[in-house]
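Trainee: Let me give you the structure first, and then I'll get to my questions.
The values are calculated or read from the model by the stated rules, or taken from the named source; none is laboratory data. Note that the structure is a prediction, hence the values are computed from the model and not measured. Cβ placement follows ideal geometry from the backbone for every residue including glycine, while neighbour counts extend to all protein chains displayed. Calculation scope for accessible area: heavy atoms of the full protein, side chains included, ligands and nucleic acids excluded. Shrake-Rupley method; radii C 1.70, N 1.55, O 1.52, S 1.80 Å.
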Amino acid sequence: MRIETSVTRLLGIDLPIAQAGMSWASSCAALPLAVAQAGGLGVIAAGPMYPDDLMRAFDTVRAGTNRPFAVNMPLYRKGADEVLEMLLARRVPVLIASQGGPKKHLPRFHDAGTKWIHVVASEEHAKKAVEAGVDGLVVVGGEAGGHPPPDMVSTLVLVRAVARAVGDVPIIASGGFADGAGLAAALALGAGAANFGTRFIATPEANVHDTYKRMVLDAGVAGTRTVGRDLGMIRTLANAFTARLEEMERAGADIETRRAAFAASTLKMAALDGDIAEGKAEAGQSAGLVNDIVPAGELVRRIATEYLEVVGRLPRLS
Ligand SMILES: Cc1cc2nc3c(=O)[nH]c(=O)nc-3n(C[C@H](O)[C@H](O)[C@H](O)COP(=O)(O)O)c2cc1C
């Protein structure tokens, strides 16, 4: 099965379906490998990984498929330069860089044949990244799990605005996509692929605790909260931690008090320990569209099939 778009042509993949880089959930080989084998873009999230673990996961994915795959790399992370050197030496097929400017590293990765995709959450940053010479963009809108844009502009509006602003630059739309209808919407907005984050948490391959996966299944579309304004705001499933943060914000608590409460909870607590009451169980509004746990490869094929059905049903001019 092939659906050709600007993104599939750029990256050499069969389907415009990207598994979003997700710390812990895709900080492993199993999930990205299954997605790559099914013709989508599998993404290893380097964020929380020790360099050795990252390289082991990288080598496992490379050994398991001859298709392209990506590493998502926060440029601000501790030891980022060292990890980037290792990825460069391995000629990573696709680098999805977040947080930080691309200019310093881009030319050498281009020389190695890597496609550089930059994560942005505003029109302004999209234009800057394109001026710096990136090959494509992940455009993250307000529905997204993890870090939505600080100004919370919705995916619907932001992807359209960026598509208008950057012309032919391939875009992966991110935030709120969970099925083939979402993919059709992303392509209609001018993106060349959709990024699926929360949807892929509900797969056997995702590297998070089963209670976290069940919490995603149980959540409705209004089941997330955005907490931590001015502290690196996140969208996460509503729990005891988010209730406490919201109460502090309502009560006008000073930033240091809020910072301490925000930092006391981590994504790791939810992902590895299964502490879904006190951990940051990051997920997008799309959690409300996720009702089953499906093997990742099957999910890729299902989204593609749904897409074709949805597009076939769209009304035509008569
Ligand atoms: C649990 C979780 C962890 C995430 N970790 C990262 C990350 O390490 N790097 C990154 O660029 N984005 C990260 N994101 C954001 C995703 O890449 C993506 O933009 C988001 O999941 C899209 O929204 P959706 O969940 O509705 O599909 C994370 C999202 C979630 C849900």
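Trainee: Suppose all protein chains stay in the model; what accessible area per residue would a 1.4 Å probe give for segment 1-80, in Å²? Let's see the in-between values first.
Mentor: Details: 2970 Å² over 80 residues.
Accessible area per residue, segment 1-80: 37 Å².
Trainee: Starting from the residue with the highest accessible area, list VAL159, VAL311 in decreasing order, probe 1.4 Å.
Mentor: Numbers: VAL159 0, VAL311 50 Å².
Correct descending sequence by accessible area is VAL311, VAL159.
Trainee: Still on this structure, I have one more. Rounded, prolate or oblate: which one fits the chain, using the alpha carbon gyration tensor with axes a ≥ b ≥ c (rounded when a/c is under 1.5, else prolate when a/b beats b/c, else oblate)? All intermediate terms of the calculation are to be shown ahead of the outcome.
Mentor: On the way: a/c = 1.34, a/b = 1.18, b/c = 1.13.
Rounded, because the longest to shortest axis ratio a/c is under 1.5.
Trainee: I would also like to ask the following. With the chain treated as a Gaussian network of Cα nodes joined by springs under 10 Å, which of ASN239, ASN66, ASN195 yields the largest mean-square fluctuation?
Mentor: ASN66
Trainee: When the chain is treated as a GNM, springs tying every alpha-carbon pair under 10 Å, which of ALA36, ALA126, ALA240 comes out with the largest mean-square fluctuation?
Mentor: Looking only at ALA36, ALA126, ALA240, the largest GNM fluctuation is found for ALA240.
Trainee: Would you calculate a helix-derived [θ] at 222 nm for the chain, using -39,500 (n - 2.57) for each DSSP H run of n ≥ 4 and dividing by the full residue count, to the nearest 500? Intermediate results must be reported in sequence, preceding the final value.
Mentor: Values: 14 runs with 132 residues, N = 318.
Per the formula, -12000 deg cm²/dmol.
Trainee: Cut-off 10 angstrom, C-alpha nodes, Gaussian network model of the chain. Which of ALA163, ALA194, ALA264 fluctuates the most?
Mentor: ALA264
Trainee: What net charge is computed for the residues neighbouring GLY79, neighbours being all others with C-beta under 14 Å from the C-beta of GLY79, Lys and Arg scored +1, Asp and Glu -1? Write out the running numbers ahead of the final one.
Mentor: Working: positive: ARG77, LYS78; negative: ASP52, ASP53, ASP81, GLU82, GLU85.
Result for the neighbourhood of GLY79: -3.
Trainee: Treating the beta-carbon of each Lys and Arg as +1 and of each Asp and Glu as -1, no other charges, what is the dipole magnitude of the chain about its Cα centre, to the nearest 20 debye? Don't skip to the end; give the middle numbers.
Mentor: On the way: 33 positive and 34 negative charges, 124 e Å.
Dipole magnitude for the chain comes out near 600 debye.
Trainee: Enter the accessible area per residue of segment 102-233 (Å², integer; probe 1.4 Å; all protein chains in place).
Mentor: 39
Trainee: Over the chain, with every protein chain in place, what whole percent of the accessible area is carbon and sulfur at 1.4 Å, could you tell me?
Mentor: Working: 7010 of 13500 Å².
Here it works out to 52 percent.
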